[in-house]
Each structure stands twice: as structure tokens, then as C-alpha cells.
Amino acid sequence: MASKFLSDRRSVLYTLVLTSFVMPMSMSSLNVALPAISAELGASAVQTSWVVMAFAFILATAMFPAAWLADRIGRKRVFLSGLILAGIILLLSSMVTDIRMLIALRLLQGGSAAMIFATSNAIIVSIFPVGKRGAVMGLTSGAVYLGITLGPVLGGYITAWFSWREVFLLPLPFLCSALWLASDKLVLEPHVPSDAPFDWAGLFFFVCTLSLALFGASRFYEPVGWFAFMLSAASFVNFVKTESVKEKPLVNVGLFTSNRVFGMACLSMVLAYSSSFSVSFLLSFYLQYIAGYSPDTAGLMLVVTAACMVVVTPFAGRLSDKYPPRWLASSGLTLNAMGLFLLARLDGGQSISHIVTAQVLIGIGFGLFSAPNSNRIMSSVSTQYVGQASASIPTMRGIGNLTSMSIVTGIFAAYLGSAMITPENTGALMNGISLSFSIISVLAVLGAATSMIRVHKASDTAS
């Protein structure tokens, strides 16, 4: 019986590792293809950034609804549905003829990713004991970064030798394999369906908060942008008030206010991803438009950061089971900030070694941060809150991703407006890229500071 239980654990681990690989591979392979998509579909730099930002927006807003749905009908059903939906959307994306159609499909793809990510960590916690979770999260995080590593290489070569449309078809065989494994190996866990109504008011204020903040960031250089920020702040206050009095809220805000370990680790995750998500997007534009590299060469150069993450993340995950995760996380984001400061100095004349050194620092740094911080989040809550904590990790990641791309989109809009990128305006593009790297490097410093804060709490075993 014990042997079968261990075998089931291994099967679940293989399933989660494969799904952790395929979704990031799908996302990272697209970054290298964005200049080609922009050229063929006649999209401006701002419209092209929305291909990434649309995905990040829905991923951030759909995570808690997906977790609620998983608690209601079962994690396996939601997990499998997300894989099926992702495959259909990728197939349709390969056929688009208009940038607006692609952005709409990317919104839907963000929803499918939310269904997968919102359940993954909860499945880990429900199956693996406390002393093994850091190692498991390290392996799944390593698979994420392996997907991020291979994505630009494969996407670059496919774009250069075929077309960007085939980039959307690339993940389909992997998704089919993941679907087969998940349907066969994941146990349909027993659950008690909740009869509590869905928290529509909480979702409304949550979406309004993010939407208004997103609009404000994209128009920060205009008065309407600052007005949107004020409305976003008001919506956030209403969101907190609404969730505080709900018996079955969409988001248990008490986890963030009363559990300071959980709250600080989540804040660190938002700042970390705010400082990192747009890096490959910015470097893809820099390498192809400013430095003049082909898509396949640019894809190879973008491998460095993710390759470092692949090596470091599993090691960091194991360390977080033995040592305070906050030390690992803070050290990692400090290295991340150093790499971003190097990229902020780009002006088109630096050597390849300058770019590679920056990527190595970012890759090692983020590898040290990711799994230990996730382990800290999941270990700081009791069993009854693992669903909410599991959804919080990708939600914080999604909010960070959205913040990162909102900053870039606003800067691009200020420097380039609605114009397509041409040889005449690459100077403005370079200025926008430099300013973007400068701002997100500051966010990395703030993330390192919040990760280092020690929270005194008797029940905290992961500080």
C-alpha cells in the first residue's frame, strides 16, 4: 500500500512537471515572435504589448474565481478543463488575421492558464508532506524555467524558418501529452461542494481595481491616467470592505492582514514579478530592432536568464526546506536588481558580454527567489486555507506581470504613441526601453527589502 502511495506521488509529480513546462514554454516562445507579428498584422508597439498584457490581465483577475470553482467542483476537473481550453485557443490564435482578434484570444488564454495555475500548488500541498513541498515546488519551478528557456529558442527558429503562426502550434503536442497524463494520473479528490453563492461583488471590485490601475499606468502622462489611479484606489478600498464582511469571500483578506508572513511574502512576489516579467519582452525588441539580430539569434540570446533559473531553482527549493526562505528570496532579488541596473545602461553600443552578464545575474537571482518564496507562502497557512494560498501565488505573480507590462506599455505610449516601429523612431524606442529597465530595477530593490523583513509570529515556521 505504501509502495502504491509513493508511486502515485511520483505520477502526480511527473504530471505537474510537464504542465509546469508547457504553459511557460508557450508564453516565452511568443516573445521572440512579437516583432514579426507586429509587422505582418500592422500593429503598433502599444498594440503589440497588449498581446502580452491581455494574457497577464486575465491571469491576474481569474485566479481566485478559478480557485473557487476548483473548491466547488474539484481541482482535477478545473485543471483538465484549463488544458483543453488552452489547446483550442492556441489553435485559433495561429489563424488570426487582425491584431485585435489575437488580443481577444490572449484574454481567453489567460483564463485557461488561471485554471491550471490556480490548482497546481493546492494539488502539491494536498499530496506531499511539509518537508517535501519545497523540493517539489523547486522541481515544478525548474520545469517552468526550462519551458521559459526552450521557448525563445524554439520560437525564434520557427519564426525565422517558417512563420510566427507555427509558434502557436508548438505547444499542442505537449498539451496533449499533459492532458493524457493528468486525466490518467491525477486523482479526482473528494470534496464537499459548497452551496455558498459566488462573490460577484468581490470580483467586480477586484477587476475594477486592476482595470483602472492598468488604464492609469498606460496613460500616466495624462491627467486622465491619474484620475484612473484615484478611482482604482477607491475601488480597492471597497473591495477590502466587501471581502471583510463576507462569510464566503472570493479573497480571504484576513490572510493578508492577520498573517503577516503570508502578506509580506505575497507583496515580495508582486514586486519580484513586476521587476522581471517584461525583461524578455524588452530584450526581444532591443535585440531585433536596436541591435539588429534575427529572431533565431535573439531567441538564443534570451535563453541565458531562463537557463540559469533551471539550474538554480530546484537547488533553492531544497535549501528552503532547511534554511529560512526569506534569506534566499532577498539575496535573489538583490542579484536581480543588479542585473536590471546593467540593462538600464543599454544604449545600443554595449557588447554581448554586457547583456549576458546582466541575464546571468537576473537568472540566478530569480532562481533563488521563486521556490523559497512560494514555499514560505504555502507553509504559512493552515490546511483549510491551502486553496486560497495556492491561488494567491499565481494571482500575485499575475498582478506583478500586469504591473510590469503596464509600466512598459505606458512608457511606449509616451515615447511612440500609436506609431509602428520604423528605423526613424528606433531612438525613441531605445529611450523607452532604457527607462523601463530603470523603473523595474527599483521595484527589484523594493522586493529584496520586503523579502528580508522578519515577521515575529509564533506559528511561522517559514520565515
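Points to keep in mind about this one:
- Among the residues making up the range 438-450, a single one is of a type outside the set (Val, Ile, Thr), more than 18 Å from the chain's Cα centre (by Cα) and closer than 27 Å to Pro35 by Cβ: Ser438.
- For the range 53-76, a residue qualifies if it is basic (Lys, Arg) and either surrounded by fewer than 18 Cβ atoms within 10 Å (Cβ to Cβ) or without any contact (Cβ under 8 Å) to a residue 12 or more places away in the chain (or both), and exactly one does: Arg72.
- Cross-chain or 6+ apart pairs with Cβ under 6 Å, the range 28-49 first and not assigned by TED's automatic domain parsing to the domain that holds Leu90, then part of a helix (DSSP H, G or I) and of a type in the set (Val, Ile, Thr): none
- Condition met for Arg133 (of a type in the set (D, E, K, R), within 29 Å of Asn31 (Cα to Cα) and either at pLDDT below 85 or over 21 Å from the mean Cα position of the chain (by Cα) (or both)): no
- Considering the range 322-366, the residues that are among the charged types (D, E, K, R) and farther than 23 Å from Ala449 by Cβ include one that is surrounded by the most Cβ atoms within 10 Å (Cβ to Cβ), namely Asp347.
- Sole residue being in a helix (DSSP H, G or I), not hydroxyl-bearing (Ser, Thr, Tyr) and not assigned by TED's automatic domain parsing to the domain that holds Tyr157, chosen from Leu271, Leu214, Leu255: Leu214
- Of the residues making up the range 155-175, those that are part of a helix (DSSP H, G or I) and either closer than 13 Å to Ser26 by Cβ or touching a His at 6+ places or on another chain (Cβ under 6 Å) (or both) are Gly155, Ile158, Glu166, Val167, Phe168, Leu169, Leu172, Pro173, Phe174, Leu175.
- For the range 287-305, the count of residues that are part of a helix (DSSP H, G or I) and closer than 26 Å to Ser379 by Cα is zero.
- Qualifying residue in the range 56-64 (condition: in a helix (DSSP H, G or I) and farther than 23 Å from Phe206 by Cβ): no
- Filtered residue count, the range 205-231, keeping only those that are surrounded by fewer than 20 Cβ atoms within 10 Å (Cβ to Cβ) and not β-branched (Val, Ile, Thr): 14
- Residue, surrounded by the fewest Cβ atoms within 10 Å (Cβ to Cβ), within the range 269-288, restricted to residues that are closer than 17 Å to Val167 by Cβ and of a type in the set (S, T, N, Q): Gln288
- Output for the range 411-444, where each listed residue is of a type in the set (Gly, Ala, Ser) and surrounded by fewer than 24 Cβ atoms within 10 Å (Cβ to Cβ): Ala413, Ala414, Gly417, Ser418, Ala419, Gly427, Ala428, Gly432, Ser434, Ser438, Ser441
- Set side by side, the residues Ser49, Ser26, Ser38 differ, and just one is under 27 Å from Leu181 (Cβ atoms) and in a helix (DSSP H, G or I), which is Ser26.
- Matching residues, the range 213-258, being farther than 19 Å from Asp199 by Cα and of a type in the set (S, T, N, Q): Ser218, Ser232, Thr257, Ser258
This table checks each residue for (1) touching a Lys or Arg at 6+ places or on another chain (Cβ under 8 Å); (2) in the same structural domain as Ala33 (by TED's automatic domain parsing); (3) modelled with pLDDT of 80 or more; (4) surrounded by fewer than 21 Cβ atoms within 10 Å (Cβ to Cβ).
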site	(1), (2), (3), (4)
Gly138	yes, yes, no, no
Ser141	no, yes, no, no
Tyr145	no, yes, no, no
Ala160	no, yes, yes, yes
Ser163	no, yes, yes, yes
Glu166	no, yes, yes, yes
Cys176	no, yes, yes, yes
Ser194	yes, no, no, yes
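- For the range 16-26, the criterion of being closer than 29 Å to Arg219 by Cα, among the β-branched types (Val, Ile, Thr) and surrounded by fewer than 23 Cβ atoms within 10 Å (Cβ to Cβ) is satisfied by no residue at all.
- Given (1) of a type in the set (Gly, Ala, Ser); (2) in a helix (DSSP H, G or I); (3) within 26 Å of Met378 (Cα to Cα); (4) within 24 Å of the chain's Cα centre (by Cα), index of the condition Ser244 fails: (4)
Residues are listed down the side, and each one gets a yes or a no for (1) under 21 Å from Asn431 (Cβ atoms); (2) crowded, with 22+ Cβ neighbours inside 10 Å; (3) touching a residue at least 12 places away in the same chain (Cβ under 8 Å); (4) hydrophobic (A, V, I, L, M, F, W, C):
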position	(1), (2), (3), (4)
Gly263	no, no, no, no
Ile290	yes, no, yes, yes
Ser294	no, no, yes, no
Val304	no, no, yes, yes
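- Residue count for the range 78-123 under the criterion of being in contact (Cβ under 8 Å) with a residue 60 or more places away in the chain and touching a Gly at 6+ places or on another chain (Cβ under 6 Å): the result is 2.
- Considering Val381, Val304, the condition of being of a type in the set (A, V, I, L, M) and modelled with pLDDT of 75 or more is satisfied by Val304 alone.
The values are calculated or read from the model by the stated rules, or taken from the named source; none is laboratory data. All figures in this text were calculated on a predicted structure; none of them were measured in a lab. So basically every Cβ, Gly included, is an ideal-geometry build from the backbone, and we count neighbours across all protein chains shown.
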